[in-house]
1. Can you list the chymotrypsin sites (Phe, Trp or Tyr not before Pro) in the stretch 1-103 that are in a DSSP coil and have 15 or fewer other beta carbons within 10 angstrom?
2. Whole-Hz ³J(HN,Hα) for each residue in the stretch 14-31, computed from phi via Karplus 6.51 cos²θ - 1.76 cosθ + 1.60 with θ = phi - 60°, x for glycine and proline: what do you get?
3. Only sites in a loop by DSSP and with at most 12 other Cβ atoms within 10 Å count here; which GluC sites (Glu not before Pro) in the stretch 57-125 make the cut?
4. Under the rule of -39500 (n - 2.57) per DSSP H run of 4 or more residues, summed and divided by the residues of the chain, what mean residue ellipticity at 222 nm is obtained, to the nearest 500 deg cm²/dmol?
5. According to the square roots a ≥ b ≥ c of the eigenvalues of the Cα gyration tensor, what is the shape class of the stretch 95-149, taking rounded for a/c under 1.5, prolate for a/b larger than b/c otherwise, and oblate for the remainder?
6. Alpha carbons only, please: Rg and Dmax for the chain, in angstrom.
7. Can you sort Met143, Met79 so the residue with the fewest Cβ neighbours within 10 Å comes first?
8. How high is the relative contact order of the stretch 8-76, in percent, with contacts defined as C-alpha pairs under 8 Å that are six or more residues apart?
Amino acid sequence: MSTKQINPSNLLNTDSLAELDSWIAKYPEGRQMSAVMAGLRIAQDQNGGWISDELIEAVAVYLDMEPIEAYEVATFYSMYERSPVGRHKISICTNISCMLRGSDEVVSHLENRLGIKLGETTEDGRYTLKEVECLGACVNAPMMQVGRSYHENLTPELLDSIIETIESGGSL
Ligand code: FES
């Protein structure tokens, strides 16, 4: 992280700043730091799905907090990406409930279908496969998250249908 303070308005665009302001307004006066998770998500969305050190710092400065505090948040939660990802990030839960209900098959089916392993991005930049911990949908395991949508009770047929929907430009 840089030691020179940056100007958030140089890195966060008008829409991002307006959205961040709307989050800050949800919290009591002086508690703007509470919007840090939203701020990091907004910055990440603006940046095509990942967040750089500079953007983390921009969010921190805007929220009047130490950059290291925002950095700690950005590196703790799996929803933040610290390097570029594909346009469709597929996060597969392999935690206990999903493991018992077939997450290994979900992983291998998608790895075979997309030609990449967990942690990799397709050469065309369309897909990233990511292994994640419990996403809180254990009751309908196995599950995965694609972008912002959850997909549960996964089967090979459902996985194929999800990929085909993406390929055809449909919304999930
Ligand atoms: S274990 Fe997979 S969602 Fe909880």
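Coordinate-derived values only; no laboratory data. Quick caveat: nothing in here was measured; it's all calculated off a predicted structure. Counting neighbours? That spans all protein chains shown, and the Cβs are built from the backbone with ideal geometry, glycine included.
1. Passing sites in the stretch 1-103 are Tyr77.
2. The phi angles translate into 4, 5, 5, 5, 5, 5, 5, 4, 5, 6, 4, 5, 6, 10, x, 3, x, 10 Hz.
3. Values: sites: Glu57, Glu69, Glu72, Glu81, Glu105, Glu111, Glu120, Glu123; in loops: Glu81, Glu120, Glu123.
Counting only loop positions with at most 12 other Cβ atoms within 10 Å, the GluC sites (Glu not before Pro) in the stretch 57-125 are Glu123.
4. Mean residue ellipticity, 222 nm, calculated: -12500 deg cm²/dmol.
5. prolate
6. Rg, Dmax (Cα atoms, Å): 17.8, 52.
7. Listing Met143, Met79 from fewest to most nearby Cβ atoms yields Met79, Met143.
8. 33 percent.
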